[in-house]
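The values are calculated or read from the model by the stated rules, or taken from the named source; none is laboratory data. Bear in mind the structure is a predicted one, so any value in this text is a computation, not a measurement. Note that we place each Cβ from the backbone using ideal geometry, even for glycine, and neighbour counts take in every protein chain shown. To get the accessible areas, we keep the full protein, side chains included, count just its heavy atoms, and leave off ligands, DNA and RNA. Shrake-Rupley method; radii C 1.70, N 1.55, O 1.52, S 1.80 Å.
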Amino acid sequence: MRILLIEDELKVSEFIRRGLTEEGYQVVVAADGEEGAFEAGEGEFDVVILDVMLPKKDGFAVLAELRGSGNTVPVIMLTALGEVDDRVRGLEAGADDYLPKPFSFDELLARIQALMRRSQSIQATAPLTIADLTLDPVSRQVSRAGQEIKLTAKEYGLLLHFMQNPGKVLSRARLTEHVWGGTEESFTNVVDVYVNYLRKKVDKGFDPPLIHTVRGAGYVLRLPE
Ligand code: CA
């Protein structure tokens, strides 16, 4: 479980980082809004903890940028005590929860766990769709233009990861890690082989092609530009 913490006050970020690390989370800390927005766009996080008052770009601007780019990562905003306006603004801007400062670590942990449960149950049940391609995580059925597509377990795992990250360039290393659970170099050829299998089933005979090669970077699932 990876958490991005965007907080400029070192004392607060250290306190949160240490606590979450002890709980077994991987924590990436960004100390200002610009760095935070960059990290959120680059990495894959299960939850983002976002302070409102930040240098360079405030929490609302970071959140607007995230949601504007289609990123649906659960966000908890840290607001100043009693600032109802901030809370309302945050929730309206697409935050999933807010926590007024000061807060106890246990309170923050409970909120994170609740958000993760919520987003996992949504992720696990809602069908994923891009163009006329649909994947149903419950029945594990995949279809394109109404035709059922039979996939092997690895092909399914690969397509699921693509469909959970539409429009995002996924490196071979990352696909290896997610689908095969390893990071060894020897796996990266396997990714190419399996992406080809997947293309034959998902793209061949259909229009437009959805799986694209990004030279030197990896693969992306998206509509052609
Ligand atoms: Ca702050």
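What net charge do the residues around Ala145 carry, taking every other residue with its C-beta under 11 Å from that of Ala145, with Lys and Arg at +1 and Asp and Glu at -1? Within the 11 Å Cβ shell, the charges total -2.
Summing +1 for each Lys or Arg and -1 for each Asp or Glu among the other residues whose beta-carbon sits under 14 angstrom from that of Glu42 gives -2. Here is the list for region 1-101: trypsin sites (Lys or Arg not before Pro) lying in DSSP coil, each with at most 16 other C-beta atoms within 10 angstrom of its C-beta, are Lys56. Of Gly146, Gly33, Gly59, the residue with the greatest mean-square motion in the GNM of the chain, using alpha carbon springs below 10 Å, is Gly146. Before anything else, pin down the relative contact order of region 19-125: Cα pairs under 8 Å, at least 6 apart, normalised by residue count, whole percent. Once divided by the residue count of region 19-125, the mean separation gives 22 percent. Restricting attention to the chain, close to 45% of DSSP beta bridges with both partner residues there are antiparallel. Remark: region 81-182 is approximated by an ellipsoid whose semi-axes, taken from the C-alpha gyration tensor as √(5λ), come to 36, 17, 13 Å, largest first. Counting only DSSP H runs of at least 4 residues, each contributing -39500 (n - 2.57), and dividing by the residue count of the chain, the helix-based mean residue ellipticity at 222 nm comes to -13000 deg cm²/dmol. Gain on full extension, evaluated as 0.36 nm per residue between Ala126 and His212 minus their Cα-Cα distance, stands at 28.5 nm.
Rounded to the nearest Hz, the phi-derived 3J(HN,Hα) couplings of region 217-225 under the Karplus curve 6.51 cos²θ - 1.76 cosθ + 1.60 (θ = phi - 60°) are 10, x, 10, 9, 9, 6, 6, x, 6, where x marks glycine and proline. Solvent-free Debye calculation, one equal scatterer per alpha-carbon of the chain: log10 I(q)/I(0) at 0.08, 0.09, 0.18 Å⁻¹ equals -0.34, -0.43, -1.26.
Taking amide H positions as modeled 1.01 Å from N, with prolines and chain starts lacking one, the residues under 5 Å from Lys101 and 5 or more places away or on another chain are Thr79, Ala80, Leu81. Counting only alpha carbon atoms, the long axis of helix 153-164 and the longest principal axis of the chain meet at about 50°. Structure remark: mean-square fluctuation, Gaussian network model of the chain, C-alpha springs under 10 Å; the largest value among Asp136, Asp106, Asp32 belongs to Asp106. Taking 7 Å steps out from each Cα toward its Cβ at Leu91 and Met116 produces label points 2.5 nm apart. Checking the Cα-Cα distances for Lys154/Lys201; Lys56/Lys101; Lys11/Lys57; Lys57/Lys168 against a 18 Å cut-off, the pairs over it are Lys56/Lys101; Lys11/Lys57; Lys57/Lys168. Here's the picture: a label point sits 7 Å out from the Cα of Glu9 along the beta-carbon direction, and within region 21-62 the residues with their amide nitrogen under 14 Å of it are 50-55. Looking at the chain, the accessible area is 53 square angstrom per residue; that uses a 1.4 Å probe and ignores ligands, DNA and RNA. Using alpha-carbon positions, what is the distance between the centroids of region 102-165 and region 50-89, in Å? Cα centroid to Cα centroid, the span is 25 Å.
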